1. Which helices (runs of 4 or more DSSP H) does the stretch 34-146 wholly contain that include 3 or more residues that are surrounded by 20 or more Cβ atoms within 10 Å (Cβ to Cβ)?
2. Please enumerate the residues belonging to the stretch 195-229 that are of a type in the set (Lys, Arg) and without any contact (Cβ under 8 Å) to a residue 12 or more places away in the chain.
3. Could you pull out the residue among Arg225, Arg219 that is outside any loop (DSSP other than H, G, I, E, B) and either in contact with a helix residue (DSSP H, G or I) (Cβ under 8 Å, 6 or more places away or on another chain) or within 22 Å of Leu43 (Cβ to Cβ) (or both)?
4. How many residues are within 23 Å of Val120 (Cβ to Cβ) and of a type in the set (Gly, Ala, Ser) when one looks only at the stretch 40-77?
5. Going residue by residue through the stretch 214-225, is there one that turns out to be modelled with pLDDT of 95 or more, of a type in the set (Gly, Ala, Ser) and surrounded by fewer than 15 Cβ atoms within 10 Å (Cβ to Cβ)?
6. Go through (1) farther than 23 Å from Gly11 by Cβ; (2) of a type outside the set (Asp, Glu); (3) buried (at least 20 other Cβ atoms within 10 Å of the Cβ) for Thr328 and report which single condition fails.
7. Which one of these does Asn273 not meet: (1) in contact (Cβ under 8 Å) with a residue 60 or more places away in the chain; (2) outside any helix (DSSP H, G or I); (3) not hydrophobic (A, V, I, L, M, F, W, C)?
8. Among (1) surrounded by fewer than 24 Cβ atoms within 10 Å (Cβ to Cβ); (2) of a type in the set (Val, Ile, Thr); (3) closer than 30 Å to Ala278 by Cα, which single condition is Val232 missing?
Amino acid sequence: MIRKVRLYTPGPTPLLPAAQFAMAAADMHHRTPEFKALYTKVLAQLKVFVGTKNDVLLLSSSGTGAMEASVSNLTSPGDKVLVLTAGKFGERWTGLAKAFGCDPDVLTAPYGQTFDLAQVKAALKPEHKIVFMQSTETSTAVRHDVEAVAKIIKESGSQALLVVDGITGLGTTHFDVDGWGIDVLIGGSQKAVMIPPGLAYMSVSEKAWAAMETSKNPRYYFDLRKERKNAVKGESAYTPAVALVAGLGAALDYIAGQAGGDLEKGRIALVNNAIVNAAATRAGLVSLGFTLFAPTAPAAAATAVAVPEGMDSGTVVKALKSRFSLVTANGQGEMQGKIFRVAHLGYFDYLDTVAFLAAAEHIAKDTLGLPVEFGQAVAAAQRVFAAQAASS
């Protein structure tokens, strides 16, 4: 049987063909008028994709580079910060804060859950300079309520900045960046924008820019003030990932093209696509006897699934790959062997969801020995899709 590799991982995600072509053809120098025009266009498109009037910067790094930049540019040694963490990527904020000499207070929610908002309100202190959080905790497929946290900060009278890792949230979650008061929102190229790893982007509020003028931590490559100054000229501060920028431009054009050339509407359609595919996937997997790991706060970027008692999630991941060349993700850290994760962000459509669930039926029946009737997971997904189509 012919097998085609299919990525269902929450990053890297499947590549957009148009972006691949653009990257292959990106034979240009980064200090030429041609690249400056491309770079200026992409920065303008990113503002629409993020949904903000704030500056949006582009960095040649993974998303973690932008996370580090937000810490190094906005804090001084000894600053009190609040970290909201419920998984491996939330824990990264704690590590970054400590690396730059901050004093983090950490509010933790159990893996698979989100935060109790009353606890967030109680944890926020006047001395906190920044609140760090995820929008989606990719390691557990939990969606956190960024809007509610932003409201708590605003209503408390706190002057704390809100810095959000939206690396898998952007393109899968509806944000009102300016209305809610998100000071920094971070994205990554290998997620919903459908290109390879290597670019990070971030929106930065005027309040955050002002904070940079008094922060004392060292920064050089990730000095966001340099990037802002150069962006006005259509340039990056240092050598950019030229091919990736070209691919990003093609991807943003594609997203706009899904809504007749309107990038804002295209972004909304991209988010809604992830939401529906996630709901359909959850319905299909539950019908097979799997248990959702984050049932009360599921993300649209990915779904995390707990395997039946006594089984190893790695068995599911390996079986899907060996039998169908279908690549999913195991759990991370203490969740390895307990959950597997399947993604819905970026270049995924409804038929990709159907294909995954059809494969999952075979694995559930033949590898795990679950009482499966072929078609039951697909039918559950079809019912979700049909209901969505009828209501739209």
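The values are calculated or read from the model by the stated rules, or taken from the named source; none is laboratory data. It should be emphasised that the depicted structure is a prediction, and the values quoted were computed from it without experimental measurement. Here the Cβ positions follow ideal geometry from the backbone for every residue, glycine too, while neighbour counts run over all protein chains shown.
1. Numbers: elements: 63-74, 88-99, 117-123.
The qualifying helices (runs of 4 or more DSSP H) are 63-74, 88-99.
2. Taking the stretch 195-229 and keeping what is of a type in the set (Lys, Arg), we get 207, 216, 219, 225-226, 228-229.
Lys226, Lys229, listed by residue number.
3. Details: Arg219 fails: outside any loop (DSSP other than H, G, I, E, B).
That would be Arg225, the only listed residue that is outside any loop (DSSP other than H, G, I, E, B) and either in contact with a helix residue (DSSP H, G or I) (Cβ under 8 Å, 6 or more places away or on another chain) or within 22 Å of Leu43 (Cβ to Cβ) (or both).
4. Residues flagged as within 23 Å of Val120 (Cβ to Cβ) and of a type in the set (Gly, Ala, Ser) within the stretch 40-77 amount to 1.
5. The first filter runs over the stretch 214-225 and keeps only residues modelled with pLDDT of 95 or more, leaving 214-225.
Filter once more, keeping what is of a type in the set (Gly, Ala, Ser): 215.
Right, trim to surrounded by fewer than 15 Cβ atoms within 10 Å (Cβ to Cβ) and you get none.
Looking through the stretch 214-225, none of the residues is modelled with pLDDT of 95 or more, of a type in the set (Gly, Ala, Ser) and surrounded by fewer than 15 Cβ atoms within 10 Å (Cβ to Cβ).
6. Checking Thr328 against (1) farther than 23 Å from Gly11 by Cβ; (2) of a type outside the set (Asp, Glu); (3) buried (at least 20 other Cβ atoms within 10 Å of the Cβ), the one that fails is (1).
7. Among (1) in contact (Cβ under 8 Å) with a residue 60 or more places away in the chain; (2) outside any helix (DSSP H, G or I); (3) not hydrophobic (A, V, I, L, M, F, W, C), Asn273 violates only (2).
8. (3)
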